[in-house]
1. From the square roots a ≥ b ≥ c of the eigenvalues of the alpha-carbon gyration tensor of segment 56-96, which class results: rounded (a/c under 1.5), prolate (a/b over b/c), or oblate?
2. Would you please give the residues with an amide H less than 5 Å from that of Leu74, counting only those at least 5 places away or on a separate chain, with H modeled from the backbone geometry?
3. Determine, from the Cβ-Cβ distance of Ser70 and Ser140 and an R0 of 22 Å, the FRET efficiency 1/(1 + (r/R0)^6), rounded to the nearest 0.05.
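Every number here is computed from the coordinates shown, using simple stated rules; none is lab data. Just so we're clear, the structure is a prediction, and the values are computed from it rather than from any experiment. Here the Cβ positions follow ideal geometry from the backbone for every residue, glycine too, while neighbour counts run over all protein chains shown.
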Amino acid sequence: KELARIEINSCLNNLEVKMKDLNRHKKSYNRFESSLEALNRKERDLIAEQANIKIAVNTINKYLQSIFFSSTRLQIEELDGKYILKVNGVRVSPKNISTGERNIIALCYFFTTLGEGLVQSERYTFPNFIVIDDPISSLSHNYIYAISSLIFNDLILKEIAKKFIVLTHSLFFFQELVITASSEKKIIKDWAFYRIIKGAHSQCLKLKKDELLNEYQSLWQTLKDAKNGINNPYNKRVD
């Protein structure tokens, strides 16, 4: 037994050392495995983020094309996970385009973010309450038709917005919204238009369909009413 103990003693000592090495390597392996999984998750997140940016770029460009009737007039591209802006194929800084063009990009980006975090099927079923404040600010009349069409075609007809409010200071844009809503009355079951008259005695008037005039008719009617002292809170001048 003593001879056997002496013979295998070195093996037992070596086994103990190897077991300690094994435990140490197992701990290291577990740490590296955890780090690898964390890096894999980060990689998946970055790939997904990049994909979302690319999807957003495509959607924004689709909106821009519908407004400008051109695929190159104003477009967004993705470069290294960031947005870049091009005008007629030439890269430009946002400060070098007009305020109206920046507002159009912001509006298209806003429409795109309505589907953020949602799968495509949920984008048209998720309940939204949307308020759009003066979307045609700093824009010429040339774009009013396109903006009006964009709002109704994407928000209303596709039912992205279940409830929405659009504010505007432009009577021309107001009339265009009226015309569009009236033409889609089978889809828009409950809508109303209000006109706010600012002044010392501010008024909020709900307009009926037969009261909706075009811009020139409305201004002419205001002048005639003012002359006759009708609906004029100032009695002497028109707001």
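1. Details: a/c = 2.13, a/b = 1.21, b/c = 1.76.
Taking the square roots of the gyration eigenvalues as a ≥ b ≥ c, segment 56-96 is oblate.
2. Asn88
3. Numbers: r = 16 Å, r/R0 = 0.72.
Efficiency, rounded to the nearest 0.05: 0.90.
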